[in-house]
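Here's the structure, in C-alpha coordinates; my notes come after.
The values are calculated or read from the model by the stated rules, or taken from the named source; none is laboratory data. Everything quoted here is computed from the prediction, not taken from an experiment. Methodologically, a virtual Cβ is constructed for each residue, glycine included, from the backbone with ideal geometry; neighbour enumeration extends over all protein chains shown.
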(Lines give C-alpha, C1' and ligand atoms only; values in the text may rest on other atoms or scores of the structure.)
Protein backbone atom coordinates (compact mmCIF):
# COMPACT_ATOMS: atom_id res chain seq x y z
CA UNK A 1 0.00 0.00 0.00
CA UNK A 2 1.26 3.52 -0.73
CA UNK A 3 0.52 6.40 1.63
CA UNK A 4 -0.09 9.36 -0.68
CA UNK A 5 0.97 12.04 1.81
CA UNK A 6 4.61 10.95 1.85
CA UNK A 7 4.94 8.12 -0.69
CA UNK A 8 5.80 5.55 2.00
CA UNK A 9 5.13 2.01 0.81
CA UNK A 10 4.23 -0.66 3.35
CA UNK A 11 3.00 -4.24 2.87
CA UNK A 12 -0.51 -5.33 3.76
CA UNK A 13 0.36 -9.00 3.46
CA UNK A 14 3.27 -11.39 3.28
CA UNK A 15 1.24 -13.58 0.92
CA UNK A 16 2.55 -14.21 -2.56
CA UNK A 17 -0.53 -13.09 -4.50
CA UNK A 18 -2.97 -10.51 -3.16
CA UNK A 19 -5.95 -9.49 -5.25
CA UNK A 20 -9.52 -8.17 -5.11
CA UNK A 21 -8.71 -5.48 -2.51
CA UNK A 22 -11.81 -3.68 -1.23
CA UNK A 23 -11.88 -0.88 1.37
CA UNK A 24 -14.55 -0.95 4.07
CA UNK A 25 -17.14 1.83 3.77
CA UNK A 26 -15.57 3.65 6.74
CA UNK A 27 -12.04 3.25 5.35
CA UNK A 28 -10.70 1.48 8.46
CA UNK A 29 -10.21 -1.98 6.98
CA UNK A 30 -8.94 -3.50 3.77
CA UNK A 31 -10.40 -6.80 2.61
CA UNK A 32 -8.58 -8.97 0.09
CA UNK A 33 -8.19 -12.48 -1.27
CA UNK A 34 -4.72 -13.99 -1.07
CA UNK A 35 -2.88 -17.23 -1.55
CA UNK A 36 -1.28 -18.27 1.73
CA UNK A 37 2.27 -19.50 0.97
CA UNK A 38 2.09 -21.92 3.92
CA UNK A 39 -1.14 -23.58 2.80
CA UNK A 40 -0.89 -26.91 0.99
CA UNK A 41 -2.16 -27.38 -1.61
CA UNK A 42 -2.03 -23.72 -2.58
CA UNK A 43 -4.85 -23.76 -5.08
CA UNK A 44 -7.52 -21.55 -3.52
CA UNK A 45 -7.35 -18.11 -1.96
CA UNK A 46 -8.10 -17.16 1.63
CA UNK A 47 -10.17 -14.10 2.48
CA UNK A 48 -8.28 -11.74 4.79
CA UNK A 49 -9.17 -8.50 6.56
CA UNK A 50 -6.51 -6.03 7.65
CA UNK A 51 -6.37 -2.66 9.34
CA UNK A 52 -5.99 0.45 7.17
CA UNK A 53 -2.23 0.32 7.70
CA UNK A 54 -1.90 -3.38 6.88
CA UNK A 55 -1.81 -4.38 10.56
CA UNK A 56 -4.23 -6.52 12.56
CA UNK A 57 -4.61 -9.11 9.79
CA UNK A 58 -7.18 -11.84 10.31
CA UNK A 59 -8.21 -14.64 7.97
CA UNK A 60 -12.00 -14.66 7.56
CA UNK A 61 -12.39 -17.77 5.46
CA UNK A 62 -10.46 -20.32 3.43
CA UNK A 63 -11.26 -20.90 -0.23
CA UNK A 64 -13.04 -17.57 -0.68
CA UNK A 65 -13.11 -14.97 -3.42
CA UNK A 66 -15.00 -11.92 -4.77
CA UNK A 67 -15.56 -10.16 -1.42
CA UNK A 68 -18.06 -7.32 -1.14
CA UNK A 69 -18.85 -5.21 1.96
CA UNK A 70 -22.42 -4.58 3.08
CA UNK A 71 -23.39 -0.91 2.66
CA UNK A 72 -23.07 -0.38 6.43
CA UNK A 73 -19.73 -2.23 6.59
CA UNK A 74 -20.94 -4.71 9.23
CA UNK A 75 -20.60 -7.84 7.07
CA UNK A 76 -18.92 -9.20 3.97
CA UNK A 77 -20.40 -11.40 1.25
CA UNK A 78 -18.13 -13.74 -0.71
CA UNK A 79 -18.13 -16.89 -2.80
CA UNK A 80 -16.75 -20.31 -1.93
CA UNK A 81 -16.41 -23.04 -4.56
CA UNK A 82 -18.60 -26.05 -3.99
CA UNK A 83 -17.13 -29.45 -4.69
CA UNK A 84 -14.73 -29.52 -7.63
CA UNK A 85 -15.67 -26.00 -8.87
CA UNK A 86 -17.96 -27.50 -11.53
CA UNK A 87 -20.89 -27.68 -9.12
CA UNK A 88 -21.28 -23.92 -8.70
CA UNK A 89 -20.56 -22.08 -5.50
CA UNK A 90 -21.84 -21.00 -2.13
CA UNK A 91 -22.68 -17.40 -1.34
CA UNK A 92 -21.57 -16.83 2.25
CA UNK A 93 -21.61 -13.89 4.63
CA UNK A 94 -19.15 -13.21 7.45
CA UNK A 95 -19.34 -10.56 10.15
CA UNK A 96 -16.68 -7.83 10.10
CA UNK A 97 -15.75 -8.60 13.70
CA UNK A 98 -15.07 -12.06 15.09
CA UNK A 99 -17.60 -14.74 14.26
CA UNK A 100 -18.14 -17.52 11.79
CA UNK A 101 -19.37 -17.20 8.24
CA UNK A 102 -22.88 -18.24 7.26
CA UNK A 103 -23.80 -20.04 4.04
CA UNK A 104 -26.65 -18.12 2.46
CA UNK A 105 -27.32 -19.84 -0.87
CA UNK A 106 -26.04 -22.36 -3.38
CA UNK A 107 -25.70 -20.98 -6.89
CA UNK A 108 -24.99 -22.63 -10.25
CA UNK A 109 -22.70 -19.78 -11.21
CA UNK A 110 -20.57 -17.28 -9.39
CA UNK A 111 -18.76 -14.25 -10.61
CA UNK A 112 -19.45 -10.66 -9.62
CA UNK A 113 -21.81 -9.49 -6.92
CA UNK A 114 -23.21 -6.29 -5.45
CA UNK A 115 -25.23 -5.54 -2.32
CA UNK A 116 -28.55 -3.72 -2.63
CA UNK A 117 -28.51 -0.26 -1.02
CA UNK A 118 -30.64 -1.51 1.91
CA UNK A 119 -28.29 -4.47 2.53
CA UNK A 120 -31.04 -7.09 2.25
CA UNK A 121 -30.19 -8.56 -1.16
CA UNK A 122 -27.16 -9.47 -3.22
CA UNK A 123 -27.21 -9.40 -7.02
CA UNK A 124 -24.96 -12.01 -8.61
CA UNK A 125 -23.82 -12.33 -12.21
CA UNK A 126 -21.91 -15.27 -13.55
CA UNK A 127 -21.36 -16.15 -17.16
CA UNK A 128 -24.66 -15.31 -18.84
CA UNK A 129 -26.93 -15.47 -15.76
CA UNK A 130 -28.22 -12.96 -13.21
CA UNK A 131 -29.59 -13.82 -9.76
CA UNK A 132 -30.78 -11.89 -6.73
CA UNK A 133 -30.37 -13.54 -3.32
CA UNK A 134 -32.39 -12.45 -0.30
CA UNK A 135 -29.76 -12.76 2.42
CA UNK A 136 -32.08 -13.28 5.41
CA UNK A 137 -33.97 -16.23 3.90
CA UNK A 138 -31.48 -17.50 1.32
CA UNK A 139 -34.17 -17.29 -1.37
CA UNK A 140 -32.59 -17.25 -4.84
CA UNK A 141 -34.43 -15.46 -7.63
CA UNK A 142 -33.22 -16.21 -11.15
CA UNK A 143 -33.79 -13.08 -13.21
CA UNK A 144 -32.68 -14.64 -16.48
CA UNK A 145 -29.72 -14.54 -18.75
CA UNK A 146 -28.46 -13.51 -22.13
CA UNK A 147 -28.29 -15.66 -25.23
CA UNK A 148 -25.25 -16.37 -27.30
CA UNK A 149 -21.66 -15.99 -26.30
CA UNK A 150 -22.11 -12.78 -24.34
CA UNK A 151 -21.16 -12.36 -20.72
CA UNK A 152 -22.64 -9.99 -18.16
CA UNK A 153 -20.84 -7.19 -16.36
CA UNK A 154 -20.78 -6.94 -12.58
CA UNK A 155 -24.22 -5.79 -11.40
CA UNK A 156 -24.85 -2.24 -10.21
CA UNK A 157 -27.93 -1.32 -8.14
CA UNK A 158 -29.87 1.91 -8.52
CA UNK A 159 -29.85 4.03 -5.36
CA UNK A 160 -33.49 3.10 -4.58
CA UNK A 161 -32.79 -0.66 -5.02
CA UNK A 162 -35.52 -1.05 -7.67
CA UNK A 163 -33.28 -1.60 -10.70
CA UNK A 164 -30.04 -3.28 -11.72
CA UNK A 165 -27.71 -2.11 -14.45
CA UNK A 166 -25.87 -4.78 -16.46
CA UNK A 167 -23.80 -4.66 -19.60
CA UNK A 168 -24.06 -7.54 -22.06
CA UNK A 169 -21.14 -8.62 -24.19
CA UNK A 170 -18.87 -7.97 -21.21
CA UNK A 171 -15.43 -9.56 -21.36
CA UNK A 172 -13.60 -7.83 -18.52
CA UNK A 173 -11.84 -4.52 -18.17
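Taking the listed residues 85, 72, 26, the one that is at pLDDT 85 or above, out of contact with any strand residue (DSSP E or B) (no Cβ under 9 Å at 6 or more places or on another chain) and more than 20 Å from residue 155 (Cβ to Cβ) is 26, with no other qualifying. Looking only at region 143-166, residues that are within 19 Å of residue 65 (Cα to Cα) and in a strand (DSSP E or B) come to 2 in all.
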